[in-house]
Amino acid sequence: TIETFIRCSFIPADRYGLDHDMISSSLRLMPRTSRNINLKDLSISELVIKEIQKALKRTQGLIVLAGPTNSGKSTTIAGAVGEHIRFYGESKKRISLEDPVERYLDGVIQVTVENNFAELMRALLRHDPDMIWVGEIRDAFSSAACVRASTSGHIVMSTVHANDSIGSFRAIANYLRKDTGEASGGGASIFDLAESLSLLIGQRLVRKLCPHCKVQHKITTDDLDEVKDYLKFEGKGHLIGKAVESLTSYKVYKAVGCPQCANLGYLGEMPINEVLPVTREVKDIFTRSENSLDKNELSKHLVISLAESALDLIKAGHTELASLFV
């Protein structure tokens, strides 16, 4: 048996005149074990893993994983921590600040934050860590602390709620703009943020087709028109040719359902990723972004986009066409 703890969220709902309370609840089951996570076991592509490894081999820098709620951000970051452990073993000191600690990892000193983030972060930096894992960037305190730590000789990893890798910069920058005074835990500028970043990753989860019952889906003209319209709408018109070629040259599958997958047609989920290495050119673009962010220019520096990542899984027969529309 595996010991499991439940992370709960409750929101009171409108009773609509009923004589009893209504509560909306969200429950997450987390295995209470102590084991490291391998990125390959998460079906993260080799291309993404290589970019993470490059960032981890530097002496300092901020690595941020962006995505909506329940997109597997914390699990992937835990896998990146596992890569750091495999690289350096016990020769490096790793400390995490989490709210709360969701999974225990060997080789990491893990600390639960309880409304004392600024105090803990100051104490943590005096503890001489080589790598710092902050569970989530969510306010001026955490954003500025991550920026300062990653420009003072530390590898820092964290997550943020944002649509994609480029949007993660804007999300963190907005936190910094709220209050950048030292007394409030700020004290970092947009320039500091740009200089601190080493890697931005976007992530979504898509449904994995059951290999026992999936059947080939014949791509229609309507399917192709829908894909073209979507890519144009998202500003990814340059991917239309690649998308059409992929969908017409490879077998595309759809879900059916069988006893192996409880008649759902799917067996679990897989990540798709967008990767933006923050090179000198990208840092300069970010630094100039006080009033606007040139997404078209930044897109040219992506190693892979979410749409391309989804197309790769569609071509491989692991997911369905609908996974492209993230």
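A few points about this structure:
- Only one of the listed residues (160, 215) is open to solvent by 50 Å² or more (accessible area, probe 1.4 Å) and either within 30 Å of residue 266 (Cα to Cα) or of a type in the set (D, E, K, R) (or both). That residue is 215.
- Annotation: residue 227 fulfils all but one of (1) more than 27 Å from residue 83 (Cβ to Cβ); (2) touching a Ser or Thr at 6+ places or on another chain (Cβ under 8 Å); the unmet one is (2).
- Among the candidates 91, 96, 71, the residue that is of a type in the set (Ser, Thr, Tyr), open to solvent by less than 10 Å² (accessible area, probe 1.4 Å) and within 20 Å of residue 125 (Cα to Cα) is uniquely 96.
- Among the criteria (1) assigned to a strand (DSSP E or B); (2) open to solvent by less than 90 Å² (accessible area, probe 1.4 Å); (3) over 23 Å from residue 162 (Cβ atoms); (4) modelled with pLDDT under 85, the one residue 10 does not fulfil is (2).
- Among the conditions (1) part of a helix (DSSP H, G or I); (2) open to solvent by 50 Å² or more (accessible area, probe 1.4 Å); (3) under 30 Å from residue 53 (Cα atoms), the only one that residue 225 does not satisfy is (3).
- Screening 153, 107 for residues that are more than 23 Å from residue 274 (Cβ to Cβ) and in contact with a Lys or Arg (Cβ under 7 Å, 6 or more places away or on another chain) leaves exactly one candidate, 107.
- Residues in the range 143-167 that are under 16 Å from the mean Cα position of the chain (by Cα), among the polar types (S, T, N, Q) and not in a helix (DSSP H, G or I): 158, 159, 163.
- Checked against (1) within 16 Å of residue 92 (Cβ to Cβ); (2) touching a helix residue (DSSP H, G or I) at 6+ places or on another chain (Cβ under 8 Å); (3) surrounded by fewer than 21 Cβ atoms within 10 Å (Cβ to Cβ), residue 132 meets all criteria but (3).
- Exactly one residue out of 253, 266 is touching a His at 6+ places or on another chain (Cβ under 8 Å) and more than 30 Å from residue 195 (Cβ to Cβ): that is 253.
- Checking residue 84 against (1) out of contact with any Leu (no Cβ under 6 Å at 6 or more places or on another chain); (2) in a helix (DSSP H, G or I); (3) open to solvent by less than 10 Å² (accessible area, probe 1.4 Å); (4) not polar (S, T, N, Q), the condition it does not meet: (1)
- Cβ-Cβ distances below 9 Å connect no pair with a first residue in the range 97-121 that is at positive phi, a second residue that is open to solvent by 70 Å² or more (accessible area, probe 1.4 Å) and assigned to a strand (DSSP E or B), and a separation of six or more residues or different chains.
- Hits in the range 166-216 - residues which are in contact with an Asp or Glu (Cβ under 7 Å, 6 or more places away or on another chain), at pLDDT below 95 and not β-branched (Val, Ile, Thr): 175, 186
- A single member of 125, 105, 56, 120 is closer than 23 Å to residue 204 by Cα and either open to solvent by 70 Å² or more (accessible area, probe 1.4 Å) or aliphatic (A, V, I, L, M) (or both), and it is 56.
- Residues within the range 231-279 that are touching a Ser or Thr at 6+ places or on another chain (Cβ under 6 Å) and acidic (Asp, Glu), tallied: 1
- Filter pass, residue 320 being on the phi < 0 side of the Ramachandran plot, modelled with pLDDT of 95 or more and acidic (Asp, Glu): yes
- Filtered residue count, the range 61-71, keeping only those that are at pLDDT 95 or above and either assigned to a loop (DSSP other than H, G, I, E, B) or more than 17 Å from residue 134 (Cβ to Cβ) (or both): 1
The values are calculated or read from the model by the stated rules, or taken from the named source; none is laboratory data. For clarity, every value in this text was computed on a predicted model and none was experimentally measured. All Cβ positions, even for glycine, are placed from backbone atoms using ideal geometry, and neighbour counts span all protein chains on display. Heads up: the accessible areas ignore ligands, DNA and RNA and are worked out on the full protein's heavy atoms, side chains in. Shrake-Rupley method; radii C 1.70, N 1.55, O 1.52, S 1.80 Å.
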